[in-house]
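Single-structure report; data block below.
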Amino acid sequence: MNYLKTAILLAGLTALFMGVGYLIGGQAGAMLALLVAAAMNLFTYWNADKMVLSMNGAQEVDERTAPEFVGLVRELAQRAGLPMPRVYLMNNPQPNAFATGRNPENAAVAATTGLLNMLSREEIAGVMAHELSHVKNRDTLIMTITATIAGAISMLAQFGLFFGGNRDNNGGLGIIGTLAMVILAPVAAMLVQMAISRTREYAADDMGARISGQPAWLASALAKIDNAARQIENVPAERNPATAPLFIINPLSGARMDNLFSTHPATENRIAALEQLAAEMGQSNRGWSAAPATSGGGAGPWGGADRQRGPWG
């Protein structure tokens, strides 16, 4: 089913790409756009993850440069039955994270420095288990390809605006085309947001909570990230809004109507679903939202030695 959704989405984005090409250069522009789209679809299948990571300034880390974080991801991957993904850090004060890659064998997970600095080890484990769930569910292919192509559509629309559209096409369609291209970039972003079902977030929350064994860890993390994301700007994401659906919480401020068609379910609804899951698992979640636990008890599969100070100080 995931492959079918990917094919349908790519077809829709390719048609939109051709439409922009037609507005710029008529039938010749549409044909050129089709050829470019075909090449782009192939290119992004193999390279979209690298492009998304680059857009967000992600740098790969390993056991030498980030031993505790990489070790945590490795243990979670083993619990999820996944190959070890590549691990990246983004020098970004906003706490957030995403996963990318065309399949579990070629996956990557990325977290911001803000996430490591503001969350406890348990909360970080909840977040990274969520991202590994996207890998396990193969959500990452459709997420990375759509983000890359939507970004290309936005750039093509800006290119058309610079040249003023195809003024010779049907005696004035160039003006209409120019006006249309003013709204094509938001439309492209909307298509990405609407095409990637919000249900994938609920599914990843559920699976991630089961991987970590503690739904309250992810629930607490979501509350903290959502609150911080409203106050701390994510500059790379604001520059590349098509990548926003990849993040665990919407990284955009909404200053440019970025939240008009949000891809993410309401955080309170996600937390409620996790609370229900915790109850089904026979766990108490009372008190987690006020503050993370500070005692060593009940620390879960990674122990409690670092609960008070957090694993990164």
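In segment 1-60, which residues are modelled with pLDDT of 70 or more and among the basic types (Lys, Arg)?
Scanning segment 1-60 gives a single hit, Lys50.
I'm trying to understand the selection: among the residues of segment 199-217, which are closer than 17 Å to Leu82 by Cβ, more than 17 Å from the chain's Cα centre (by Cα), among the small types (Gly, Ala, Ser) and part of a helix (DSSP H, G or I)?
Within segment 199-217, Ala209, Ser212 meet the criteria.
Within segment 45-69, how many residues turn out to be over 16 Å from the mean Cα position of the chain (by Cα) and buried (at least 20 other Cβ atoms within 10 Å of the Cβ)?
2
Under 7 Å by Cβ, and 6 or more places apart or on different chains, what pairs join a residue from segment 218-245 that is assigned to a helix (DSSP H, G or I) and at pLDDT below 95 with one that is acidic (Asp, Glu) and buried (at least 19 other Cβ atoms within 10 Å of the Cβ)?
Note: pairs meeting the criteria are Pro241/Asp258; Ala244/Asp258.
Could you tell me whether segment 184-204 includes any residue that is among the aliphatic types (A, V, I, L, M), at pLDDT 90 or above and buried (at least 24 other Cβ atoms within 10 Å of the Cβ)?
yes
Select the strands (runs of 3 or more DSSP E) contained entirely in segment 3-105, then report the ones holding at least 1 residues which are on the phi > 0 side of the Ramachandran plot and in contact (Cβ under 8 Å) with a residue 40 or more places away in the chain.
Result: 97-101.
So which of Val127, Val109, Val87 ends up being in contact with an Asp or Glu (Cβ under 6 Å, 6 or more places away or on another chain) and either at pLDDT 95 or above or surrounded by fewer than 21 Cβ atoms within 10 Å (Cβ to Cβ) (or both)?
On the way: Val127 fails: in contact with an Asp or Glu (Cβ under 6 Å, 6 or more places away or on another chain); Val87 fails: in contact with an Asp or Glu (Cβ under 6 Å, 6 or more places away or on another chain).
Within the list Val127, Val109, Val87, the selection yields Val109.
Residues of segment 255-277 being surrounded by fewer than 20 Cβ atoms within 10 Å (Cβ to Cβ), more than 16 Å from the chain's Cα centre (by Cα) and modelled with pLDDT of 55 or more, which ones?
If the condition is that a residue be surrounded by fewer than 20 Cβ atoms within 10 Å (Cβ to Cβ), more than 16 Å from the chain's Cα centre (by Cα) and modelled with pLDDT of 55 or more, then Ala255, Glu268, Asn269, Ala272, Ala273, Glu275, Gln276, Leu277 are the ones that fit.
Show the residue pairs that are 6+ apart or on different chains and have beta-carbon atoms under 6 Å apart, the first residue being within segment 130-143 and farther than 11 Å from Asn103 by Cβ, the second being surrounded by fewer than 24 Cβ atoms within 10 Å (Cβ to Cβ) and of a type in the set (Ser, Thr, Tyr).
Ile142/Thr6
The values are calculated or read from the model by the stated rules, or taken from the named source; none is laboratory data. Please read these numbers as outputs of a predicted model, since none were measured by experiment. Methodologically, a virtual Cβ is constructed for each residue, glycine included, from the backbone with ideal geometry; neighbour enumeration extends over all protein chains shown.
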